[in-house]
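Participant: A single structure is presented below for examination.
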Amino acid sequence: MNEPMSVAGRPELEAFIRERIDAGGGITFAEFMGHCLYHPEYGYYMAPRDRIGKGGDFFTSTSVHSAFGRLICRQLEEMWHLLGKGPFTIAEQGAGEGHLCLDILDAAAAEHPEFYQALQYALVEISPDHQQRQKTLLAKHEAHLRWCTLDELAGMEGCFLTNELVDAFPVHLVEQRDGRLQEIYVVDREGAFVEELRAPSTPEIEAHLAGLGVTLIDGQRTEVNLEAPRWMARVGAVLKRGFVITIDYGYPAADRYAPWRQGGTLMCYHRHTSNENPYQGVGNQDITAHIDFTTLERVGKEQGLTPFFFGEQCRFLIGLGFVDVLVEMEAHAADEKEARVLRLTLKNLIMPDGGMGDTFKVLVQGKEVGEPKLLCARSLAELPLPPMF
C-alpha cells in the first residue's frame, strides 16, 4: 500500500500561523485555511507559482481546451441580445491566469464581432501574481479590459462569471459529537498543527445549517462556507441588470450535507495528486471544499436573482452546442489521428461518472431580464442535428 504523499510547507507561513495561534490560544480552521491560501506574501494563491496545467497542481476546464470558453461566449452573446445589444460588461472574479477570459474574447472577436465591440471585460483579482500573468496573456485584448474591485462594479449590466472560485473560500470545519455541534480549531502542539474540538466560534454556523434544515448525525464532519452567501449577496447587489454564471463543483444542500457524506468534502491538491491533509504543505498546496448551490440560489433570490439553469457541466455545454462545435473542429482536423486526439481531449469537458462533466455544476441566475429560455437550458430534443461530413 502506498504511503500518502508528504508535501513540504513554507516555513515563513508556518511561523506566521504559529504566531496567530499563540496570540489567540488557537484559531478556527477557517482562519487557518485563509492564511494558507491568501496570506499576502506566502499564500498559495498570492505567491508566484504555477498552479494550473501540466506544470501546476490541478487542471480546470479552461486548461483542457479553448472550446470551453468558446461555448460560454455563445451564451454571453445571447445574453447581450437579451439586454438590448448595448454596452455589456463581463465581470470575472478569480480568473486565474486569464485563460477563460482569453478564450471568450478570442471567440467573440472571431465569431461575434458586433458583440466584441460592445463588451468590456472586468477582472476582479486580488492576487498580484495572477494579475501580472493576466496582463501578459491578454495584451492583445487590452482595449476591452480593466481590473477592478467587486464594489467598483456597482450598477453593472452584463454577466458576472466565476469558474472554480467559491470552492476556494475559507470554510469552517464542524463535527457533531454527543448531540452537540463542535467546531475544529487549529493549535500548535510540539511543532505540529493539530485539531481541537471547541464550541462554535459564531452563532452564524448553526444558523446556516438550521436555515437549510440540516442536522448532522453523530460523528459527521462537514464544512460550512459562510463567505459564500456574503459573496452572493454582494454580487447580487452590484448587478443592476443581467446574469450571473457560477461554475464550480458542489451539490444542492440535501446532497451536500447528506448523512452518508460522513467526512465532508475538504480536499488538497499538489502536483495533480489529491490528499486530505491540510496541515502539510502549508502555502504549497490548494485546499478546497465542494459548494452548496442551494445557499447561492436562496441568497440570490433575496437580491432579486432568478435561477434560470442549474445542472451538470455536461448538460450546460451540450445545450450551448458542444456536439456541433466538436463536429466542426473534427472536420478541420488534418487527419484521423488529430481528430481522435481532439475527441479524447474534449471528452474530458463532458465526461460523466466522476469526470468534469458531472463533477462540475453550473448555476445561471438573472436580474431584471424577464423570463428568457437560455441556450444552455435547451434539452437534447431541442438541439439541431449537426451537419454530416
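Participant: From (1) more than 21 Å from the chain's Cα centre (by Cα); (2) charged (D, E, K, R); (3) more than 30 Å from Thr28 (Cβ to Cβ), pick out the condition that doesn't hold for Glu175.
Facilitator: (3)
Participant: Which of the residues that make up the stretch 112-153 are open to solvent by less than 30 Å² (accessible area, probe 1.4 Å), in a strand (DSSP E or B) and in contact with a Ser or Thr (Cβ under 9 Å, 6 or more places away or on another chain)?
Facilitator: Leu119, Tyr121, Ala122, Val124
Participant: Looking at Glu31, Glu3 in this structure, which one is modelled with pLDDT of 95 or more and either farther than 30 Å from Gly158 by Cα or buried (at least 22 other Cβ atoms within 10 Å of the Cβ) (or both)?
Facilitator: Answer to the check: Glu31.
Participant: Let me ask another. Which residue, of Asp255, Asp292, is without any contact (Cβ under 8 Å) to a residue 12 or more places away in the chain and either within 24 Å of Ile217 (Cα to Cα) or in contact with a helix residue (DSSP H, G or I) (Cβ under 7 Å, 6 or more places away or on another chain) (or both)?
Facilitator: Checking each option against the conditions leaves just Asp255.
Participant: Looking at (1) of a type outside the set (A, V, I, L, M, F, W, C); (2) in contact (Cβ under 8 Å) with a residue 60 or more places away in the chain; (3) surrounded by fewer than 20 Cβ atoms within 10 Å (Cβ to Cβ); (4) in a loop (DSSP other than H, G, I, E, B), which is the one condition that is false for Glu196?
Facilitator: The failed condition is (4).
Participant: Of all helices (runs of 4 or more DSSP H) completely enclosed by the stretch 316-374, which ones contain at least 1 residues that are modelled with pLDDT of 90 or more and within 17 Å of the chain's Cα centre (by Cα)?
Facilitator: Working: elements: 322-331, 336-350, 356-359.
In the stretch 316-374, no matching helices (runs of 4 or more DSSP H) lie anywhere.
Participant: Here's another thing I want to ask about it. Would you point out the residue of the stretch 270-315, among those that are of a type in the set (Asp, Glu) and assigned to a strand (DSSP E or B), that is most open to solvent (accessible area, probe 1.4 Å)?
Facilitator: Only one residue tops the list, namely Glu312.
Participant: Another question about this same structure. Within the set of pairs 6+ apart or on separate chains, which have a first residue in the stretch 14-41 that is under 20 Å from Val224 (Cβ atoms), a second that is acidic (Asp, Glu) and open to solvent by less than 40 Å² (accessible area, probe 1.4 Å), and C-beta atoms under 8 Å apart?
Facilitator: Filtered contacts from the stretch 14-41: Thr28/Glu183; Phe29/Glu183; Leu37/Asp286.
Participant: Within the stretch 161-168, is there a residue that is over 11 Å from Ala91 (Cα atoms), among the acidic types (Asp, Glu) and open to solvent by 30 Å² or more (accessible area, probe 1.4 Å)?
Facilitator: Within the stretch 161-168, one or more residues are over 11 Å from Ala91 (Cα atoms), among the acidic types (Asp, Glu) and open to solvent by 30 Å² or more (accessible area, probe 1.4 Å).
Participant: Does the stretch 7-25 contain any residue that is more than 30 Å from Glu190 (Cβ to Cβ), open to solvent by less than 50 Å² (accessible area, probe 1.4 Å), modelled with pLDDT under 95 and part of a loop (DSSP other than H, G, I, E, B)?
Facilitator: Checking the stretch 7-25: not a single residue is more than 30 Å from Glu190 (Cβ to Cβ), open to solvent by less than 50 Å² (accessible area, probe 1.4 Å), modelled with pLDDT under 95 and part of a loop (DSSP other than H, G, I, E, B).
Participant: Evaluate the following for His112: is it modelled with pLDDT under 95 and either within 24 Å of Thr359 (Cα to Cα) or not small (Gly, Ala, Ser) (or both)?
Facilitator: Taking the combined requirement at face value, the residue does not satisfy it.
Participant: Next up: Whether any residue in the stretch 95-107 is aliphatic (A, V, I, L, M), assigned to a helix (DSSP H, G or I), within 30 Å of Thr202 (Cα to Cα) and open to solvent by less than 10 Å² (accessible area, probe 1.4 Å) is what I want to check. Walk me through it before giving the result.
Facilitator: Within the stretch 95-107, the first condition is being aliphatic (A, V, I, L, M), and the residues that meet it are 95, 100, 102, 104-105, 107.
Right, trim to assigned to a helix (DSSP H, G or I) and you get 100, 102, 104-105, 107.
After this cut, where a residue has to be within 30 Å of Thr202 (Cα to Cα) as well, the list is none.
Scanning the stretch 95-107, I find no residue that is aliphatic (A, V, I, L, M), assigned to a helix (DSSP H, G or I), within 30 Å of Thr202 (Cα to Cα) and open to solvent by less than 10 Å² (accessible area, probe 1.4 Å), so the answer is no.
Participant: Here is a further query. Take the residues in the stretch 221-264 that are open to solvent by 10 Å² or more (accessible area, probe 1.4 Å) and in a strand (DSSP E or B); name whichever of them is farthest from Trp80 (Cα to Cα).
Facilitator: Taking the candidates together, the pick is Arg221.
Participant: Restricting to the stretch 4-26, give me the number of residues that are within 26 Å of the chain's Cα centre (by Cα) and basic (Lys, Arg).
Facilitator: Looking only at that region, the number is 1.
The values are calculated or read from the model by the stated rules, or taken from the named source; none is laboratory data. If you're wondering where the values come from, they're calculated on a predicted model, not measured in any experiment. We place every Cβ from the backbone using ideal geometry, glycine too, and count neighbours over all the protein chains shown. Heads up: the accessible areas ignore ligands, DNA and RNA and are worked out on the full protein's heavy atoms, side chains in. Shrake-Rupley method; radii C 1.70, N 1.55, O 1.52, S 1.80 Å.
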